[in-house]
Amino acid sequence: MIPAKFDYIKASSVSEAVNLLDKHGFDAKILSGGQSLLPAMKLRLNRPEIVIDINGIAGMNTIEETGDGVIIGANCTHTQILNSEVVYKNLNILHRTVQTLGDVQVRNRGTIGGSLAHADPSADYPAVVLACEANIEVEGKNGKRTIAATDFFEGIFTTALADDEIIIAVHFPKVAHGNYQKFYQSASRFAIVGVAVVHDGNAVRVGITGVSDTPYRATEVEKAYNGNSDAAEHAVDGVEVMSDHFADTEYRSHLTKVMVKRALEA
């Protein structure tokens, strides 16, 4: 299908992209990898009048190791992250996650910033940024700010980003012990249930995607964990579990407990 008519602008800097967003408001959309926006436009589910391309902006497609962390530019593709030695050595949970993401074409074009901003409830990155306690750096007309991953996701396709803000980087701490487990849709490889677990001393942090309309930290699992994977029984405590044509509420709830148990044991 062909999208509705739109104007295309390639931004040369973050400030230019922010000013264009501020000027055009709801009529504008940011284009990063385009793996979510373009299909929605072709189906006429999204009809922006202005598409602002942020690919090519200097400094937004680099991966940098710092003293205690890894900074990943928002325009880094999934393939770039997958092939990064810095990520492999310091953030293997992210490397493992990207291996499960989409197909070759999606990985070659899709970006971490675009995925997080889109906030699909079945996307993989949300579980990982939650479990890793990453911070998301954004910039808008009022300057830069950092949003904790635990404060970033507000609902289905809804985030804490202001209308004029774009993601410019994701700040991860180095993670020595982590695991990602996913039960996915065979066609799209989106998560029906995705579970990220970070082991930190005698404690764990657990991020879950695909289960609710908002990715979440499984705090009840974290509280119950004492080195035993039986804590997985608390994986959906207090959570409104989705039901769709892939899995009803009862099955998805059971599957979540199974996947959390696998991730804890791994």
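The values are calculated or read from the model by the stated rules, or taken from the named source; none is laboratory data. Since we're looking at a predicted model, the values are computed, not measured. Counting neighbours? That spans all protein chains shown, and the Cβs are built from the backbone with ideal geometry, glycine included. Surface areas here come from the heavy atoms of the whole protein model, side chains and all, with no ligands, DNA or RNA. Shrake-Rupley method; radii C 1.70, N 1.55, O 1.52, S 1.80 Å.
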Looking at the stretch 217-230, is at least one residue open to solvent by 10 Å² or more (accessible area, probe 1.4 Å) and either assigned to a strand (DSSP E or B) or farther than 25 Å from VAL258 by Cα (or both)? yes
Scan the stretch 125-139 for residues that are open to solvent by less than 10 Å² (accessible area, probe 1.4 Å) and outside any helix (DSSP H, G or I) and jot them down. ALA134, ILE136, VAL138
Which one of these is under 27 Å from SER212 (Cβ atoms), open to solvent by 10 Å² or more (accessible area, probe 1.4 Å), in contact (Cβ under 8 Å) with a residue 60 or more places away in the chain and in the same structural domain as ILE166 (by TED's automatic domain parsing): HIS118, HIS95? HIS118
Can you name every residue in the stretch 100-113 that is open to solvent by 30 Å² or more (accessible area, probe 1.4 Å) and part of a helix (DSSP H, G or I)? VAL104, GLN105, VAL106, ARG107, ASN108, ARG109
Every residue in the stretch 218-252 that is closer than 23 Å to ALA187 by Cβ and in contact (Cβ under 8 Å) with a residue 12 or more places away in the chain, please. VAL241, MET242, PHE246, ALA247, ARG252
Somewhere in the stretch 244-251, is a residue part of a helix (DSSP H, G or I) and open to solvent by less than 80 Å² (accessible area, probe 1.4 Å)? yes
Qualifying position, being buried (at least 16 other Cβ atoms within 10 Å of the Cβ) and assigned to a strand (DSSP E or B), among LYS144, LYS182: LYS182
